[in-house]
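The values are calculated or read from the model by the stated rules, or taken from the named source; none is laboratory data. Being a predicted model, the structure only gives us computed values, none of them experimental. Positions of Cβ are generated from backbone atoms using ideal geometry, with glycine treated the same way; all protein chains shown enter the neighbour counts.
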Amino acid sequence: MDVTGILDEHKNRFKSIQVERLVPVEFDLGLMACFDVNMIDEAQLRASQKARDTYLQELSREGAQLMINELFSLPTTVDEDSVYATLPAIRTVLPREKPAPKEKPMTRWEKFAKIKNIQNKKKSRMVYDEEKAEWRPRFGFKGVNNDDQKPWLIEVPGNADPYDDQYKARREEKKERIDKNARRAQRNFEENLAVEKGMKPRDMRKRELQSALVLSKGSTASMGKFDDKLAGEPKVKGLKRKFDPLVKNSDKEKSNNMEILNRVSKGEAKTTSVVNVRKAQRAINNAKRSKKQEK
Amino acid sequence: MLLKPKAKNARAKRFLVNRDPKIVENGKTALFVRGSTTSQVILDTLKDLYSLRKPDAINFTKKNEIHPFDSETSIEFFARKNDSSLFAVGMHSKKRPHNLVLGRTFNYNILDMIELGVERCTTMQQFKAQTCAIGMKPLMIFNGEAFNQNEDLVRLKSILLDFFRGEAADKVSLKGLEYVITVTAGPAGANGETGLVFFRTYTTTLKKSGTRQPRVELEEMGPSLDLRVRRVRQPTEDMWKQAIKMPRELKVVKTKNISRDGLGDKYGRIHVGKQEINKIQTRKVKALKKHLDDKPSKKQKTSNDMADSD
């Protein structure tokens, strides 16, 4: 039985998916891009717009066909009645939009957990509340741990004074917990800052205290000059002001004055703007013009 | 220099954390700005590119005094405020008609940009084809060896790949390959100057082909642009190096010392260091004590018993 006829008929029913290219096309499937270095028919591109567009469409169709062939041969996963092709890693180097994040320094707890090899147990967000027979968040709004926001009754614990306000006690405990957490976070921050600067945290605190002391000393009416010094306090070093003697060498005096003159007139006008020459000139010109108009 | 804003509630904090540098980054947002004078051609181009780039795109409809090649401050300010790392500025002047500047920023500073003259633009509305859904990833085709050789075109290729990349994805739905962007390098000019670049966009239809891979048919969707490369600003060496630096977490870790044989069994190799056999701590046997060798006459009752019991 000759089946070649039937096979040929079947083949001719569908259009070919083969594309011929002299130089193999490079693909970057991670980006879904292809780079074709084959020779382009320049005559077609220089021709009329319509011919050019038809040629470009043909070229694009072939390129797209090649890419579709590649994409359909990738490993696939089926998910919710649509087929997904797993893309490989990107090969072209593309720049990031922001630099890579700096590594955050470890907190005290993290260092401890690392030594003791304590793993972080992931807890679920929702917890089943037996009493109310519903799912509630573990923390936060309508959370399981916030039940005692305003309980209608609090038993006085055995060791407490019966006249103490237990509601107030609860509020204060919660506030203390929050403050403790904030203090610890602040301590972590300061320690990491000190480590970044290459100092021990204790030394950094010492330095800060000393500079604060010096500043506070000078905040009196007489700038701390007549205050009694405590025993063992270090001598505060201030800025030493140097004054030239009244009667100077005449050459030196001349050169100093010339320097000042130069600075004021031209020399450093551009950099230190002692006198903004442009503005001054404009002011003079405006004055002259207004004088002329008056006349 | 904008001050770093402080978050006053959790929502604001989440917003700021989203904009912080990350290991795996968000998709890049593109900003479309108009210059002080514009032409209809360039406005159409900007509008079409914006619709291709949605939803990760911001369109400024007011005119701005903006000259990217002369002053970088306005672009950097916009990038910082809008958290956009791609920008497209359109303007028109007698010297540079229908001017389109495409560029990227790194860490809110201009990384590189390319100035293109739009010599012809056919908008999406002029083609009667059905446009594709918003947010689809396009297939990109670059035709011509000039894209590997000509420095300006290499830069253009890099910028266009970044521009139309869309969200980073590690898998793609085979039904969602809806459109194709083709960039072809035209013939070079007489003096070796860069030729026209033909930018074409098509929608795809996949037809049966009797095999697993379908047959692709294209229909032009637009925009269709003929671009002339004008000025190019290449990135500085160190900025480029910093920009392509991959964070350590993303580097692929090679699995060493693990292999599979033909039957599928997994084999591992354990490297044991050099062992000092003389210094290994074994069970203490009195008979093996060194000083007992000096007095051979003494009877070793216990050790003999032990020997017998073995």
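So here's what we get for this one:
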| item | result |
| --- | --- |
| Looking only at segment A:78-93, and only at residues there that are at the interface with another protein chain (Cβ under 7 Å from one of its Cβ atoms) and either basic (Lys, Arg) or free of Cβ contacts under 8 Å to residues at least 40 places away in the same chain (or both), the one that is farthest from residue A:17 (Cα to Cα) | A:93 |
| Selection from segment A:75-94 of residues that are surrounded by fewer than 11 Cβ atoms within 10 Å (Cβ to Cβ), assigned to a loop (DSSP other than H, G, I, E, B) and β-branched (Val, Ile, Thr) | A:93 |
| Failed condition for residue A:25, given (1) under 21 Å from residue B:186 (Cβ atoms); (2) more than 8 Å from every other protein chain (Cβ to nearest Cβ); (3) at pLDDT below 85 | (3) |
| Flag if residue B:118 is away from every other protein chain (no Cβ under 14 Å) and assigned to a strand (DSSP E or B) | yes |
| Qualifying strands (runs of 3 or more DSSP E) (wholly inside segment B:152-226; at least 3 residues being of a type outside the set (Gly, Ala, Ser)) | B:179-185, B:196-207, B:215-220 |
| Those residues of segment B:79-115 which are assigned to a loop (DSSP other than H, G, I, E, B), within 14 Å of another protein chain (Cβ to nearest Cβ) and touching a Ser or Thr at 6+ places or on another chain (Cβ under 6 Å), in sequence order | B:84, B:85 |
| Residue satisfying all of: in segment A:47-73; more than 46 Å from the chain's Cα centre (by Cα) and surrounded by fewer than 13 Cβ atoms within 10 Å (Cβ to Cβ); nearest to the other protein chains (Cβ to nearest Cβ) among these | A:49 |
| Failed condition for residue B:207, given (1) surrounded by fewer than 19 Cβ atoms within 10 Å (Cβ to Cβ); (2) in contact with a helix residue (DSSP H, G or I) (Cβ under 7 Å, 6 or more places away or on another chain) | (2) |
| Residue count for segment B:136-154, restricted to those that are within 12 Å of chain A (Cβ to nearest Cβ), surrounded by fewer than 20 Cβ atoms within 10 Å (Cβ to Cβ) and farther than 21 Å from residue A:71 by Cβ | 4 |
| Residue in segment B:224-244 that is loosely packed, with under 11 Cβ neighbours inside 10 Å and of a type outside the set (Gly, Ala, Ser) present | yes |
| Every residue from segment B:20-66 that is of a type in the set (S, T, N, Q), closer than 30 Å to residue B:5 by Cα and buried (at least 16 other Cβ atoms within 10 Å of the Cβ) | B:29, B:59 |
| Matching option when the condition is facing chain A (nearest Cβ under 8 Å) and not basic (Lys, Arg), among B:133, B:190, B:129, B:185 | B:185 |
| Cross-chain or 6+ apart pairs with Cβ under 8 Å, segment A:9-36 first and in contact (Cβ under 8 Å) with a residue 60 or more places away in the chain, then surrounded by 14 or more Cβ atoms within 10 Å (Cβ to Cβ) and aromatic (Phe, Trp, Tyr) | A:28/A:35 |
| Within segment B:194-224, considering residues that are at the interface with another protein chain (Cβ under 7 Å from one of its Cβ atoms) and among the basic types (Lys, Arg), the one farthest from residue B:120 (Cα to Cα) | B:212 |
| Residues of segment B:243-273 classified as under 17 Å from residue A:100 (Cβ atoms) and not in a loop (DSSP other than H, G, I, E, B), total | 5 |
| Some residue of segment A:226-247 being assigned by TED's automatic domain parsing to the domain that holds residue A:147 and β-branched (Val, Ile, Thr) | no |
| Residue in segment A:44-58 that is under 29 Å from residue B:27 (Cβ atoms) and either out of contact with any helix residue (DSSP H, G or I) (no Cβ under 8 Å at 6 or more places or on another chain) or among the hydrophobic types (A, V, I, L, M, F, W, C) (or both) present | yes |
